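The values are calculated or read from the model by the stated rules, or taken from the named source; none is laboratory data. These numbers were taken from a predicted model, which means no experiment stands behind them. Virtual Cβ from ideal backbone geometry, glycine too; neighbours counted across all protein chains shown.
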Amino acid sequence: MRFIKTTFFVTSLALMTTHLSAQSIQYPETRKDDSVEDNYFDRIIKDPYRWLENDTSAETAAWVKAQNRVTFDFLNKLPQKQFFTKRLTEVWNYEKKGIPEVAGNYMIYYKNDGLQNQSILYIKSILTGKEEVLIDPNQLSKDGTVAIQATAFSRNQKYFAYAVSAAGSDWQDIYIMEVAGKKVLKEKIEHVKFTNMEWIGDKGFYYSGYSRPKNEATKYSAKTEYQKIFFHTIGESQDKDKLVYEDRQHPLRYVGAQVTEDERYLILNIAEGTDGSEIKIKDLTVPNSAFVTLVEGFSTNARVVETLGNKIVIHSNLKAGNYQLYTTTFANGTFSKWEVLVKERYHKLAGATIFGDRIFCTYLENACSRLVIYNSKGEVLPSPMTDSKGYVTLSGFDGRKDARYTYFSQTGYTEPTSIWKYDLSSNKISLHFKPQVKFNSDDFITEQHTFPSSDGTAVKMFMVRKKNIPMDGNNPTMLYGYGGFNISLTPGFSPAIIPFLEEGGIYCVVNLRGGGEFGEGWHRDGMLERKQNVFNDFIGAAEFLISNKYTSSKKLAIRGGSNGGLLVGACMTQRPDLFRVAIPQVGVLDMLRYHKFTVGWGWAVEYGSSEQQDQFDYLLPYSPLHNVKKDVCYPATLITTADHDDRVVPAHSFKFAAELQDKQSCDNPVLIRIDVNAGHGAGKPTSKTIEENADIWAFMMYHVNQ
């Protein structure tokens with residue numbers, strides 16, 4: 001029946017081409033103000049749509065409504081919209097569980113019965129086995145747009161602190177609950193962003209916060225400055241919170257708190273942006289002690305894993321591009337000389353945790369997880385994961401040092417996320433939870449290919465597809481990438497891609513330079529003045545797929561979000577002939593002004609800044625907004641953003657859409673889909689996620705089948 005349905009849709013597409021062509025779309029009029037311009041080092045750059053940066057104006061609000069009216073009118077007429085909505089809903093509807101966290105006699109974990117907008121946080125007594133709802137975020141809003149973010153038990157599990165965000169915003173409020181009676185205390189902590197909660201006993205906790213925004217109306221776009229560390233004491237109002245750390249000389253730095261399990265050390269993790277770190281430590285056992293710098297910023301990336309006996313364990317890329325573990329001791333305000341505990345390997349040490357008397361290290365081998373367990377001397381121990389050699393990602397292995405077991409997850413592109421239990425005493429693992437998803441994983445295959453980029457660099461790409469599909473250049477193919485910020489794209493299950501695969505599509509994920517899959521050198525080869533390497537790698541992936549007849553330029557779509565939205569925007573403007581469809585999502589698209597909004601300043605260490613001439617000179621040639629040209633046929637484009645995105649403000653997408661609509665020279669549509677009461681992506685309700693993916697797949701399949 002699936003084949004018959006697909007054939008029907010392809011036939012329908014041919015019949016409806018004229019009806020849904022760009023020629024029939026009447027785009028809303030977008031006011032153009034050619035008087036707005038900037039002088040960058042004696043070069044004048046016009047910005048005619050700058051008025052769209054004003055997210056509180058009535059004119060911008062009217063433009064958003066008008067664009068959405070056109071976009072959804074088009075999307076709702078797509079032949080396969082109903083099919084993808086129905087199948088996505090079916091395949092999404094399965095029980096999901098998160099990795100349990102064990103604390104004292106309690107275990108907490110997220111669980112979703114299938115289509116709940118937000119996963120519910122459950123608590124289970126280890127002594128009685130009784131399971132209860134701890135927090136149900138679905139009860140906190142009518143539309144499911146309130147989400148739980150950071151959570152933390154107090155040391156003796158008397159209290160539970162949790163942060164919530166609304167409508168996808170990065171801004172959060174912290175609440176405290178008495179665990180025994182599930183009573184939420186009256187105190188509420190506001191003006192929090194990018195925080196965790198680090199408890200001292202049951203007394204209170206450290207958190208990262210900001211001063212109250214000067215203008216509440218512009219808090220979703222205004223630059224955020226002067227993040228601070230506070231200590232909140234249970235039973236007191238926020239105005240009584242103690243200011244623990246503030247740096248008035250450097251307003252554009254992030255700072256986060258960490259307390260070691262023995263509550264001896266308070267650690268400050270400081271960053272000037274998204275790359276490079278500084279670490280300061282304070283000995284809490286010494287009254288009135290000062291913070292002492294452990295790692296001076298910001299030429300390396302480092303973090304304190306935990307203490308091991310009297311030693312502090314540090315995960316760092318100091319003199320080790322693939323990272324290694326060091327130890328030091330701290331006494332009388334000074335640190336001992338660093339010693340290597342776990343030496344750098346050929347593959348990147350992506351993460352490390354200390355559980356019991358063992359160190360769990362997760363390495364990335366060709367962008368897949370491999371677990372190695374060490375003892376406290378750095379000696380390799382037998383691993384229970386010796387049979388795990390597939391394309392998988394492992395996460396978890398957290399726990400208190402006195403715990404007897406821990407949990408972890410395993411997932412792959414066609415392997416739904418399962419939860420496993422590791423027993424410290426027996427060194428064995430056992431299955432804790434395996435989901436039952438309504439699709440046949442045996443129908444699909446995951447492969448990894450290697451292809452040369454334009455400069456000869458070998459780049460790897462995952463490919464997921466049905467078995468035995470013909471390699472005749474006619475397969476609809478979605479190419480996905482990110483390529484930045486040291487972030488690694490590793491295998492992981494998403495129900496969103498299953499209907500597309502079932503319809504004969506090929507899904508590809510490229511491990512581009514700029515990512516973290518192959519160590520710091522790989523990351524640095526895709527940042528600052530080398531950012532063009534990222535786009536060349538992505539273009540090289542497309543050319544590889546076409547030359548090997550997996551697909552053709554008429555069947556190829558590209559998709560990416562955030563920094564990946566920049567990737568799509570840059571590639572579609574540099575090589576519009578190569579792609580049939582482009583889906584830039586919540587993208588950084590104005591490379592000359594991104595640093596002027598919310599936390600955009602933190603990306604300058606990755607991108608550079610237009611305020612420096614040498615960096616302006618390499619930003620302008622690839623900035624998507626500034627490289628849209630007249631008399632060029634751009635791919636059919638569906639831009640997605642959200643009205644509450646305060647990470648990458650929607651003005652990027654607004655201006656890019658206006659520019660493309662004004663200059664598009666062919667019938668390919670340029671639409672912008674602006675989600676309401678949503679943000680950058682974190683905490684998006686299931687219903688909105690399904691709706692968005694149905695629109696994207698229907699839009700893509702309509703155009704690649706023309």
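Of everything in region 300-311, what is surrounded by 19 or more Cβ atoms within 10 Å (Cβ to Cβ) and either closer than 12 Å to residue 281 by Cβ or of a type in the set (A, V, I, L, M) (or both)? Give them in sequence order.
302, 304, 305, 307, listed by residue number.
Any idea which of (1) in contact (Cβ under 8 Å) with a residue 24 or more places away in the chain; (2) out of contact with any helix residue (DSSP H, G or I) (no Cβ under 8 Å at 6 or more places or on another chain) is the one residue 500 doesn't satisfy?
Result: residue 500 fails condition (2) only.
Return the residues of region 667-700 that are at pLDDT below 95 and either in contact with a Cys (Cβ under 8 Å, 6 or more places away or on another chain) or small (Gly, Ala, Ser) (or both); say none if nothing qualifies.
Once the filter is applied, which keeps residues that are at pLDDT below 95 and either in contact with a Cys (Cβ under 8 Å, 6 or more places away or on another chain) or small (Gly, Ala, Ser) (or both), region 667-700 yields 678, 679, 681, 682, 683, 687.
Within region 490-512, can one find any residue that is under 14 Å from the mean Cα position of the chain (by Cα), closer than 22 Å to residue 569 by Cβ and in the same structural domain as residue 446 (by TED's automatic domain parsing)?
No, there is no match, as no residue in region 490-512 is under 14 Å from the mean Cα position of the chain (by Cα), closer than 22 Å to residue 569 by Cβ and in the same structural domain as residue 446 (by TED's automatic domain parsing).
Just the residues that are crowded, with 23+ Cβ neighbours inside 10 Å and in contact with a Gly (Cβ under 9 Å, 6 or more places away or on another chain), please, taken from region 572-594.
Once the filter is applied, which keeps residues that are crowded, with 23+ Cβ neighbours inside 10 Å and in contact with a Gly (Cβ under 9 Å, 6 or more places away or on another chain), region 572-594 yields 582, 583, 584, 585, 586, 587, 588, 589, 591, 594.
If you go through region 537-561, how many residues are of a type in the set (S, T, N, Q) and buried (at least 22 other Cβ atoms within 10 Å of the Cβ)?
Residues of region 537-561 of a type in the set (S, T, N, Q): 547-548, 551-553.
Then drop every residue that is not buried (at least 22 other Cβ atoms within 10 Å of the Cβ), which leaves 551.
Matching residues across region 537-561 total 1.
Of the residues 367, 320, 352, which is within 24 Å of residue 102 (Cβ to Cβ) and aliphatic (A, V, I, L, M)? So that I can check it myself, show each step before the final result.
Numbers: 367 fails: within 24 Å of residue 102 (Cβ to Cβ); 320 fails: within 24 Å of residue 102 (Cβ to Cβ).
The unique qualifying residue is 352.
Of the residues that sit in region 223-253 and are part of a strand (DSSP E or B) and without any contact (Cβ under 8 Å) to a residue 24 or more places away in the chain, which one is nearest to residue 183 (Cα to Cα)? Don't jump to the end; show me each part of the working.
Going residue by residue through region 223-253, those that are part of a strand (DSSP E or B) are 228-233, 242-245.
Retained after the next criterion (residues that are without any contact (Cβ under 8 Å) to a residue 24 or more places away in the chain): 242-243.
On the way: 242: 25, 243: 27 Å.
Top of the filtered list is 242.
Mind telling me which of the residues 180, 163 ends up being more than 24 Å from residue 282 (Cα to Cα), without any contact (Cβ under 8 Å) to a residue 40 or more places away in the chain, of a type outside the set (Val, Ile, Thr) and not in a loop (DSSP other than H, G, I, E, B)? So that I can check it myself, show each step before the final result.
Working: 180 fails: not in a loop (DSSP other than H, G, I, E, B).
Among 180, 163, only 163 is more than 24 Å from residue 282 (Cα to Cα), without any contact (Cβ under 8 Å) to a residue 40 or more places away in the chain, of a type outside the set (Val, Ile, Thr) and not in a loop (DSSP other than H, G, I, E, B).
If the Cβ limit is 8 Å and pairs must be 6+ apart or interchain, which residue in region 318-336 that is farther than 16 Å from residue 300 by Cα and in contact (Cβ under 8 Å) with a residue 40 or more places away in the chain pairs with which residue that is part of a loop (DSSP other than H, G, I, E, B) and not acidic (Asp, Glu)?
330/336; 333/289; 333/290; 335/329
Mind checking which residues of region 464-483 are on the phi < 0 side of the Ramachandran plot and crowded, with 20+ Cβ neighbours inside 10 Å? Quick ask: steps written out before the conclusion?
Kept after step one, since they are on the phi < 0 side of the Ramachandran plot, are these residues of region 464-483: 464-467, 469-472, 474-482.
Within region 464-483, 464, 465, 475, 476, 477, 478, 479, 480, 481, 482 meet the criteria.
Go through (1) farther than 15 Å from residue 584 by Cβ; (2) at pLDDT below 90; (3) of a type outside the set (A, V, I, L, M, F, W, C) one by one and return the number of the condition residue 650 breaks.
Going through (1) farther than 15 Å from residue 584 by Cβ; (2) at pLDDT below 90; (3) of a type outside the set (A, V, I, L, M, F, W, C) one by one, residue 650 breaks only (1).
Does residue 121 satisfy being surrounded by 19 or more Cβ atoms within 10 Å (Cβ to Cβ), hydrophobic (A, V, I, L, M, F, W, C) and not assigned by TED's automatic domain parsing to the domain that holds residue 180? Can you show your working first?
Working: surrounded by 19 or more Cβ atoms within 10 Å (Cβ to Cβ): yes; hydrophobic (A, V, I, L, M, F, W, C): yes; not assigned by TED's automatic domain parsing to the domain that holds residue 180: no.
So residue 121 does not fit the description; no.
Being surrounded by fewer than 17 Cβ atoms within 10 Å (Cβ to Cβ), touching a residue at least 12 places away in the same chain (Cβ under 8 Å) and not in a loop (DSSP other than H, G, I, E, B) is the filter here; which residues of region 449-463 pass it?
Filtering region 449-463 down to residues surrounded by fewer than 17 Cβ atoms within 10 Å (Cβ to Cβ) leaves 449-450, 452, 454-458.
From what's left, touching a residue at least 12 places away in the same chain (Cβ under 8 Å): 449, 452, 454-455, 457.
Residues satisfying the conditions are 449, 452.
Just to be sure, is residue 372 within 27 Å of the chain's Cα centre (by Cα), without any contact (Cβ under 8 Å) to a residue 40 or more places away in the chain and not assigned by TED's automatic domain parsing to the domain that holds residue 459?
So residue 372 fits the description; yes.
Do you know which residues across region 133-147 are in contact with a Ser or Thr (Cβ under 8 Å, 6 or more places away or on another chain) and part of a strand (DSSP E or B)?
146, 147
Would you check which residues across region 263-275 are touching a Ser or Thr at 6+ places or on another chain (Cβ under 6 Å) and at pLDDT below 90 and list them?
Result: 271, single match.
One line per residue, one yes/no per condition, for (1) farther than 19 Å from residue 360 by Cα; (2) crowded, with 19+ Cβ neighbours inside 10 Å:
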{"site": "283", "(1), (2)": "yes, no"}
{"site": "289", "(1), (2)": "yes, no"}
{"site": "296", "(1), (2)": "yes, no"}
{"site": "313", "(1), (2)": "no, yes"}
{"site": "327", "(1), (2)": "no, yes"}
{"site": "333", "(1), (2)": "yes, no"}
{"site": "339", "(1), (2)": "no, no"}
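Which of the residues belonging to region 386-438 are in contact with a Lys or Arg (Cβ under 9 Å, 6 or more places away or on another chain), assigned to a loop (DSSP other than H, G, I, E, B) and within 19 Å of residue 112 (Cβ to Cβ)?
Correct list: 435 only.
What number of residues within region 341-369 satisfy the criterion of being surrounded by 18 or more Cβ atoms within 10 Å (Cβ to Cβ) and free of Cβ contacts under 8 Å to residues at least 24 places away in the same chain?
Of the residues in region 341-369, 1 are surrounded by 18 or more Cβ atoms within 10 Å (Cβ to Cβ) and free of Cβ contacts under 8 Å to residues at least 24 places away in the same chain.
Yes/no matrix, rows are residues, columns are (1) surrounded by 17 or more Cβ atoms within 10 Å (Cβ to Cβ); (2) modelled with pLDDT of 85 or more; (3) within 23 Å of residue 691 (Cα to Cα):
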site	(1), (2), (3)
134	yes, yes, no
137	yes, yes, yes
141	yes, no, yes
150	yes, yes, no
153	yes, yes, no
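I'd like to know if region 242-261 contains one or more residues that are closer than 22 Å to residue 197 by Cα and over 31 Å from the mean Cα position of the chain (by Cα).
Checked against the condition, which is being closer than 22 Å to residue 197 by Cα and over 31 Å from the mean Cα position of the chain (by Cα), region 242-261 yields at least one hit.
Given the conditions (1) in the same structural domain as residue 185 (by TED's automatic domain parsing); (2) in contact (Cβ under 8 Å) with a residue 60 or more places away in the chain, which single one is not true for residue 108?
(2)
Can you tell me which residue within region 174-183, out of those that are among the aliphatic types (A, V, I, L, M) and surrounded by 14 or more Cβ atoms within 10 Å (Cβ to Cβ), is farthest from residue 131 (Cα to Cα)? Show your work before the answer.
So in region 174-183, the residues among the aliphatic types (A, V, I, L, M) come out as 174, 176-177, 179-180.
Now narrow it down to the ones that are surrounded by 14 or more Cβ atoms within 10 Å (Cβ to Cβ): 174, 176-177, 179.
Details: 174: 24, 176: 20, 177: 17, 179: 13 Å.
Selected residue: 174.
Give the residues of region 104-132 that are of a type in the set (Ser, Thr, Tyr) and within 26 Å of the chain's Cα centre (by Cα), sorted by residue number. Full working, then the answer.
Filtering region 104-132 down to residues of a type in the set (Ser, Thr, Tyr) leaves 106, 109-110, 119, 122, 125, 128.
Within region 104-132, 109, 110, 119, 122 qualify.
Is it fair to say residue 611 is within 22 Å of residue 224 (Cα to Cα), surrounded by fewer than 24 Cβ atoms within 10 Å (Cβ to Cβ) and either over 19 Å from the mean Cα position of the chain (by Cα) or modelled with pLDDT of 95 or more (or both)? I'd like the intermediate steps shown before the answer.
Details: within 22 Å of residue 224 (Cα to Cα): yes; surrounded by fewer than 24 Cβ atoms within 10 Å (Cβ to Cβ): yes; either over 19 Å from the mean Cα position of the chain (by Cα) or modelled with pLDDT of 95 or more (or both): yes.
Criteria met by residue 611.
Can you tell me which residue within region 439-448, out of those that are out of contact with any Lys or Arg (no Cβ under 9 Å at 6 or more places or on another chain) and either of a type outside the set (Gly, Ala, Ser) or within 23 Å of residue 534 (Cβ to Cβ) (or both), is surrounded by the most Cβ atoms within 10 Å (Cβ to Cβ)? Working first, answer last.
First pass over region 439-448, keeping only residues out of contact with any Lys or Arg (no Cβ under 9 Å at 6 or more places or on another chain): 439-441.
Going one step further and asking which of them are either of a type outside the set (Gly, Ala, Ser) or within 23 Å of residue 534 (Cβ to Cβ) (or both), we end up with 439-440.
Values: 439: 18, 440: 10.
So, considering only residues that are out of contact with any Lys or Arg (no Cβ under 9 Å at 6 or more places or on another chain) and either of a type outside the set (Gly, Ala, Ser) or within 23 Å of residue 534 (Cβ to Cβ) (or both), the one surrounded by the most Cβ atoms within 10 Å (Cβ to Cβ) is 439.
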